[in-house]
Amino acid sequence: MKNLPEKAFLGEEFLTWLWYLSETGRGEFPLKSGGYAGVSMEDFLLFGGDDRDELEQTLRNGLPSRSPEATTALAEGKRLARARLTLANGEREWILVLDGRTFDPLSVKCPEEDPEDIGDDPMAKDLARMQGFTELSELLDEIFGQFLAKRLSPSFRDQEVPRIKAWIQKRRTL
């Protein structure tokens with residue numbers, strides 16, 4: 001039996017929180033540098049239990065985040081272990097699968113660079129791609145920091161949790 005990392009639940013809660021905010025029209029996050037980053041759920045969700053040996057449920061293609069199966073998984077308390085996200089900052093956009101258990105970004109598609117800016121130089125292309133990964137890491141860290149600030153606040157249990165539960169309940173009636 002392989003146990004999950006001790007704090008894996010935080011990443012799974014983070015993914016659920018992002019899903020809740022993006023679906024309720026609040027998926028934009030103010031950035032310290034100015035502007036906003038937007039997050040939306042895409043065509044892949046993986047639900048799992050408290051242990052890696054437990055049954056996992058994968059939903060993909062179309063809009064799985066709006067499916068009855070996703071609603072049932074949420075209502076049953078299943079944890080969102082991985083999700084494909086689009087993360088946008090201004091004109092720059094990343095598509096990635098985020099593993100909530102380990103906080104590893106998987107299968108990342110970085111923003112395309114303008115060929116006029118980097119030319120045909122392979123080193124310039126590699127540097128641009130590394131810069132894209134650095135920007136993604138910084139954005140994820142900043143948004144996760146906002147989640148942690150909210151999650152650790154005294155009002156989270158009394159205000160945010162009931163809102164999320166109401167969102168799940170409302171999904172069941174649609």
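Here, each number is a calculation from the coordinates, and none is a lab measurement. For clarity, every value in this text was computed on a predicted model and none was experimentally measured. Neighbour counts run over all protein chains shown; Cβ positions are idealised from the backbone, glycine included.
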Q) Past the 31 Å Cα-Cα mark, which pairs from K78/K125; K109/K150; K150/K170; K78/K109? A) K78/K125
Q: Could you pull out every residue, at least 5 positions away or on a different chain, whose amide H is within less than 5 Å of the one on R79? Hs are placed 1.01 Å off N in the peptide plane, and Pro or chain starts have none.
A: G48
Q. E135: net charge of surrounding residues, Cβ under 14 Å, Lys/Arg +1, Asp/Glu -1, itself excluded?
A. -3
Q | About the Cα centre, charge dipole magnitude for the chain (Lys/Arg +1, Asp/Glu -1 at Cβ), debye | A | 1160 debye
Q | Loop-located GluC sites (Glu not before Pro) in segment 72-162 whose Cβ has at most 13 other Cβ within 10 Å (DSSP) | A | E76, E91, E112
Q. What Kirkwood hydrodynamic radius do you get for the chain when you take the inverse of the mean 1/r over all pairs of distinct Cα atoms, in Å?
A. 17.3 Å
